[in-house]
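Peer 1: Can you keep this structure in mind? I'll have questions shortly.
The values are calculated or read from the model by the stated rules, or taken from the named source; none is laboratory data. If you're wondering where the values come from, they're calculated on a predicted model, not measured in any experiment. Because the Cβ atoms are built from the backbone with ideal geometry, glycine has one as well, and the counts that use them run over all protein chains shown.
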Amino acid sequence: MSDTTSTPQQLSPQEQKDEAMINAAFQHLLDTYLATNHRRKVDVITKAFNFAKQAHKGVRRRSGEPYILHPIAVAQIACGEIGLGSTSICAALLHDVEEDTDYTNEDLANLFGQKVANIVEGVTKISGGIFGEKASLQAETFKKLLLTMSDDIRVILIKISDRLHNMRTLSSMLPSKQYKIAAETLYIFAPIADRLGLNKIKTELENLSFRYEHPEEYAAVLRKLDESQLERDDSIAQFTPAIREKLDAMGINYTIKARIKSPYSIWMKMQTKHIPFEEVFDILAIRIVYVPTDRSHEKDECFRIYSALTEIYKPHPTRFRDWLSNPKTNGYQALHNTFMSKQGKWIEVQIRSDRMDDIAEVGFAAHWKYKDKGAEYDENELDRWLNSIKEILDDPQPDTLDLLDNIKLNLYSSEIMVFTPKGELKTMPQGSTVLDFAFSIHSVLGSHCFGAKVNHRLVPLSYKLKSGDQVEILTSKTQHAKAEWLNFATTAKARNKVQAILRRERRAKQKVGEDRLRDFLQKAGFELTADHIEKVMHIFHMPTIEALFFSIGDDKTKLGQEVIDVLKGRAHTKGWRRFIPFIGKNNTAKEVAQTDTNSKDFIKNLNRKQVLVLNEDVIPMCQFADCCKPIPGDDVMGYITPDNNLVIHKRSCDTAVKLKTRYGNNIIACSWDTHKVYLYDVTLSIRGVDAKGVLYAIADVLNKLSHFTIKRITLNTNDGIFEGELLIALYDTDDVTTICNELKQIENVTQAVRI
């Protein structure tokens, strides 16, 4: 133990309480570790604990508890929920020492070995503004994390443990920080957890993010789940007895669990399909987990159970999923199908062995338990994924934010199986195109690909592949990568390679442009100086030197007499304006500067506010994002742009998610306090049965809602169904609810939602 530990008599009551709390948490960690199959290395874990405790002495978290409780909690998650061993536990206990104290990575290597030090280095955040003010510190941190992760997977596992504990204690953070951390979690860490097969952790991260980003919707989904609990219990009670009877007769060792869809998954389905909670039909699923009598024949037993189920209930003809023959890329294996119960309800059934169940919950860590037990497992699966990450990192990225998007594309959970001409099976992300497939085989094949034969039929590069397709890539030496390829390249590798080729071509054209400008200036008697380049940029309205050189090299900008006139000091004004000398003088600029002062002061004071209240005085200073068109009542946040404007986005907007992930320090928490002063345009989608009088009924409802302004109505009918859009100017989300409810009261109107 550390010689700095004080005796209880020297400690104040608060310190004694803290000490007892810390020791209890550490003892719980040791108990969890000793209950695993890992080698007993208690001494080194205790040494790491005492070192971290001393390093963080006197420091408290924002919640008020001693800081050391955070590293202990991270180690507890790494050990208890992921199944990692002593090296990872030590690294988790020490993960903040290098960042928050004076100890260096070299100190940690000397005391705990190079492996632990390397993992801590990988988890440690990048400190200071070394990437410049405009660069995204979060994106750079993530890049560093991935670089280290590709050498040691434990880095990302500890980072996920760290993020999970931060999310569990997020309530003590400021709202703007909550949005940033929740969005980053949803955008990066939940998909990585899913990709590593950490289903339980992925689900918790998603639900916690949902809870902080959309507290009202989260509470509403929980309330609906609670209200429908009895109905679900009845369904299970009526559905499972026949299954139990059959499996007992077969002598199978099994348990039946009920799986409830997570609040976040339910909410996402409601958003994407524009349906209420009551129309989400796959909330309940039954999971049959069996212990095989012979581990080497567990697949056979799984199919036997499935076959027995089909004798009791009718299976859905199109919902069968065989993850046994072709496991997901995160290692997930199971048989899924949906069966019709005797009460006329579809209920999903998942069948998997105890080994498959472990892997589904804790991912690759579970494989270690079954290594020597004759179970089938392709250990190269994780290596293949890590190699795909390495390929992306090997190409130098000028913009880390591009890297972030590319890696995100690689974190897929839905796959398709396609075949090469020789019958070799390849796994691709769902939505992959012919171009993606070509690049997945080789980057040279991808860059010279002009089309393909899919199932012996000629298709273009943009053709989306389906499971079971056999693909033969067609190439030509004259074919080269084009910018429009980025419109249908969906995998990280394909996008990355296309961007790299385009960057090389762009650099070559910039060099040509620079040489052309130098030759042009020398012939006119000038040198290629920064001052002259700036004047040429001004003439052609080019934002950067690179853009100017590229435009000249690409033959889009022609150098002529006007350049020489400006460099020699002769005024040159384009077009008709040169004949009217008083146009464009400084009067307007002065007026703009005068009117802009208030808004600049407003932006300057924003960062001092914990929550910006959007009211009648503040709203004129804001811009409302076109991508999501927020209105009062929506969950929103503010983003301060590089040119100091405040843009209001919905928190769930795709653009907002990226902004929170990249520019967390520019995010402002916002709440509404409006009093029906400003009108906002909202588009509603309406759908129903095309019956006589339905159009009159819609017009009648809209006529009665006289305090709203109807701007546009579009209705189309097809095969007895009508669909349309209404553009209405209204005040807030309460008005949206009122209008949608009124429209849904009309007979034959089945749907009315905001889009």
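Peer 1: Can you tell me how many residues within region 522-537 are touching a residue at least 24 places away in the same chain (Cβ under 8 Å) and of a type outside the set (Gly, Ala, Ser)?
Peer 2: Going through region 522-537 one residue at a time, the tally reaches 4.
Peer 1: To continue, here is another question. Just give me the residues in region 249-286 being among the acidic types (Asp, Glu) and assigned to a helix (DSSP H, G or I), in sequence order.
Peer 2: Kept after step one, since they are among the acidic types (Asp, Glu), are these residues of region 249-286: 278-279, 282.
Selection gives 278, 279.
Peer 1: Oh, and also: Taking helices (runs of 4 or more DSSP H) that do not extend beyond region 44-109, which have at least 1 residues that are in contact with a Pro (Cβ under 6 Å, 6 or more places away or on another chain), within 16 Å of residue 124 (Cα to Cα) and in contact (Cβ under 8 Å) with a residue 12 or more places away in the chain?
Peer 2: It comes to 86-93.
Peer 1: Restricting the first residue to region 236-257 and requiring it to be closer than 21 Å to residue 342 by Cβ, which pairs with a second residue that is of a type in the set (S, T, N, Q) and surrounded by 12 or more Cβ atoms within 10 Å (Cβ to Cβ) meet a Cβ separation below 8 Å and a spacing of at least six or different chains?
Peer 2: Once the first residue is closer than 21 Å to residue 342 by Cβ and sits in region 236-257, its partners that are of a type in the set (S, T, N, Q) and surrounded by 12 or more Cβ atoms within 10 Å (Cβ to Cβ) give 238/341; 239/341; 256/240.
Peer 1: Moving on. Please state which one of 132, 83 is at positive phi, assigned by TED's automatic domain parsing to the domain that holds residue 25, of a type outside the set (Phe, Trp, Tyr) and at pLDDT 80 or above.
Peer 2: 83
Peer 1: Another question, if that's okay. Specify which of the listed residues (201, 119) is at pLDDT 80 or above, of a type in the set (A, V, I, L, M, F, W, C) and not assigned by TED's automatic domain parsing to the domain that holds residue 40.
Peer 2: Answer to the check: 201.
Peer 1: Name the single residue, out of those in region 73-98 being surrounded by 24 or more Cβ atoms within 10 Å (Cβ to Cβ) and touching a Phe, Trp or Tyr at 6+ places or on another chain (Cβ under 6 Å), that is nearest to residue 192 (Cα to Cα).
Peer 2: Of everything passing the filter in region 73-98, 79 is nearest to residue 192 (Cα to Cα).
Peer 1: Now a separate question. What number of residues within region 673-697 satisfy the criterion of being of a type in the set (A, V, I, L, M, F, W, C), part of a strand (DSSP E or B) and buried (at least 18 other Cβ atoms within 10 Å of the Cβ)?
Peer 2: Count: 3.
Peer 1: Output yes when any residue across region 3-17 is outside any loop (DSSP other than H, G, I, E, B) and crowded, with 16+ Cβ neighbours inside 10 Å, and no when none is.
Peer 2: no
Peer 1: Consider only pairs whose beta carbons are under 7 Å apart and that are at least six residues apart or on different chains; among these, list those whose first residue lies in region 222-233 and is under 14 Å from residue 277 (Cα atoms) and whose second residue is of a type in the set (Phe, Trp, Tyr).
Peer 2: Correct list of pairs: 224/277.
Okay, residues lined up against (1) in contact with a Cys (Cβ under 6 Å, 6 or more places away or on another chain); (2) crowded, with 20+ Cβ neighbours inside 10 Å; (3) at pLDDT below 65; (4) not assigned by TED's automatic domain parsing to the domain that holds residue 79:
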{"position": "313", "(1), (2), (3), (4)": "no, no, no, yes"}
{"position": "319", "(1), (2), (3), (4)": "no, no, no, yes"}
{"position": "326", "(1), (2), (3), (4)": "no, no, no, yes"}
{"position": "337", "(1), (2), (3), (4)": "no, yes, no, yes"}
{"position": "346", "(1), (2), (3), (4)": "no, no, no, yes"}
{"position": "349", "(1), (2), (3), (4)": "no, yes, no, yes"}
{"position": "356", "(1), (2), (3), (4)": "no, yes, no, yes"}
{"position": "387", "(1), (2), (3), (4)": "no, no, no, yes"}
{"position": "392", "(1), (2), (3), (4)": "no, yes, yes, yes"}
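Peer 1: OK, next. Could you tell me how many of the residues in region 13-31 are more than 14 Å from residue 60 (Cα to Cα), at pLDDT below 90 and of a type in the set (S, T, N, Q)?
Peer 2: 1
Peer 1: Given the condition touching a helix residue (DSSP H, G or I) at 6+ places or on another chain (Cβ under 8 Å) and among the acidic types (Asp, Glu), answer yes or no: does some residue in region 212-235 qualify?
Peer 2: Yes.
Peer 1: Of (1) among the acidic types (Asp, Glu); (2) over 36 Å from the mean Cα position of the chain (by Cα); (3) surrounded by 12 or more Cβ atoms within 10 Å (Cβ to Cβ), residue 732 satisfies all except one. Which?
Peer 2: (2)
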